[in-house]
Amino acid sequence: MESPPSTSESEPQPPDRELVSRTQAGDPTAFDVLLVRYQQRVYGMIYNMVNNHADTNDLLMETFTKAFQNIHSYKADATFSTWLYRIAVNHAINFLKRNKFRNNLSMDDDDADLHNRKEFIDTDVTSDAERQTNLAELQNKLNESLMKLSEQHRAVVTLFDVQGLSHAEIGKIMECSEGTVRSRLFYAHKQLQKYLKDYV
Amino acid sequence: MFNKERSEENFQGLQKLLAMKRTELPPQSYFDGVLSEFHNRQRAQLLEPRYTFVSRFFEALETIRESLQPRPVLRYAMATSAVVLLLAASLKVSWTDGASSSGLALQTATPSVSENFAFTQALEPQKVSNVDQQIDAASVGPVSLDNKRVLPHYVIAQAPTSYDTAMAF
């Protein structure tokens with residue numbers, strides 16, 4: 001996966017490979033650019049795994065710290081994003097296994113202002129209160145359903161459906177075959193469809 | 001081989017629903033502060049004290065001690081019972097000391113010569129009478145085989161008598 005296009009039109013951003021090389025050569029500011037570039041995607045991936053903002057923040061920091069500390073072990077046989085996602089996924093899965101019995105179904109509603117976003121406003125629904133209630137209910141149900149999946153299945157769904165990665169990329173991140181990714185995805189979709197049968 | 005078409009069947013609605021989660025992100029102000037927080041954490045890690053084995057050991061001890069601390073309500077009860085136990089133990093020790101020291105004095109006291117003599121005299125008549133006691137010879141039977149506890153045994157002294165009539169020719 002290539003680095004996303006630059007947000008600033010005037011100043012072209014260097015590619016990941018160059019930034020990694022500069023970091024490996026001892027330039028810490030190069031890693032800052034990588035962090036800013038990938039923070040939202042890594043955050044989204046972790047958040048959909050752990051479903052809690054505070055934990056996501058900690059895991060995000062730990063992921064980038066680990067990536068920075070192990071940047072010398074990064075080989076160019078995979079893209080930097082794949083390598084970074086692999087660290088994040090493994091970190092999130094380990095965290096979830098450690099906190100297996102903790103009730104982390106609670107949502108951080110402070111940051112998840114999903115019901116206020118205009119792209120989710122259904123024009124058929126006339127009442128704002130009713131719309132917000134429906135969206136909140138749907139959001140909760142969706143999160144609950146995702147949390148019912150195993151860590152591996154949740155990771156596949158998050159990477160495919162939320163992050164938009166290909167089966168091949170997910171296979172590289174999770175260090176399994178593309179067939180395994182497809183199989184896990186099919187099973188996870190089936191499970192989710194069962195849990196969300198009233199909404200889909 | 002997994003069927004690709006099968007994997008994508010009838011999941012359009014679900015995928016639309018899951019796509020909602022793409023926008024489930026904190027506001028941009030949060031991401032503006034991520035880099036500075038990352039730097040702060042890196043600096044904090046550098047300033048962290050280096051833990052040695054000994055310091056880790058004492059830290060573990062402290063953790064154990066804290067985990068064993070009772071609830072505040074029970075603290076007073078535990079303190080009181082500890083004081084009572086200490087008092088009882090000290091009283092017992094002092095009483096035992098007194099008793100054992102007097103016993104020891106009795107055991108280790110060496111009697112004087114006069115005391116020893118009087119003690120011997122008191123025992124003497126009894127000792128003499130025992131020695132002079134006469135043994136009645138008649139009461140003591142001679143040691144013989146008759147005195148032995150043997151089972152009765154019978155000797156047939158005569159020839160057996162037959163009750164049959166003697167045959168006469």
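Taken together, the values in this text are just the output of simple stated rules run on the coordinates, not laboratory data. Predicted, not measured: the structure shown is a model, and the values here were computed from it. Because the Cβ atoms are built from the backbone with ideal geometry, glycine has one as well, and the counts that use them run over all protein chains shown.
Annotations for the structure displayed:
- Three-way shape call for segment A:62-104 based on the alpha-carbon gyration tensor, with the a/c threshold at 1.5: prolate
- Average beta-carbon neighbours from other chains, 10 Å sphere, peptide A:153-161: 2
- Label sites at A:Glu137 and A:Ser150, each approximated as a point 7 angstrom past Cα along Cα to Cβ, lie 3.3 nm apart.
- For B:Ile64 and A:Ser177, a Förster radius of 35 Å and the Cβ-Cβ distance give a FRET efficiency of 0.15, rounded to the nearest 0.05.
- Simple spin-label estimate for B:Ala88 and B:Glu37 in nanometres, 7 Å along Cα-Cβ: 5.7 nm
- Within 10 Å of each Cβ in B:33-39, the average number of Cβ atoms from other chains: 5
- Rough spin-label spacing in nm, given labels placed 7 Å along Cα→Cβ, for B:Thr96 and A:Ala54: 5.4 nm
- In terms of the mean number of neighbouring beta-carbon atoms within 10 Å, the peptides A:137-150, A:19-32, A:156-169 order highest first as A:156-169, A:137-150, A:19-32.
- Which listed pairs, of A:Lys100/A:Lys190; A:Lys97/A:Lys190; A:Lys148/A:Lys190; A:Lys97/B:Lys21; A:Lys141/B:Lys21, have C-alpha distances above 20 Å, in listed order: A:Lys100/A:Lys190; A:Lys97/A:Lys190; A:Lys97/B:Lys21
- For segment A:159-174, 3J(HN,Hα) per residue [Karplus equation, 6.51 cos²θ - 1.76 cosθ + 1.60, θ = phi - 60°, Hz, x = Gly/Pro]: 5, 7, 7, 9, 7, x, 7, 7, 4, 5, 5, 5, x, 5, 5, 8
- Per-residue mean of C-beta atoms belonging to partner chains within 10 Å, peptide B:25-31: 5
- Amide hydrogen neighbours beyond the local backbone of A:Leu165, cut-off 5 Å, H modeled: A:Phe160
- Highest mean packing comes first when the peptides A:181-188, B:74-81, B:24-31 are listed by Cβ atoms within 10 Å, giving A:181-188, B:24-31, B:74-81.
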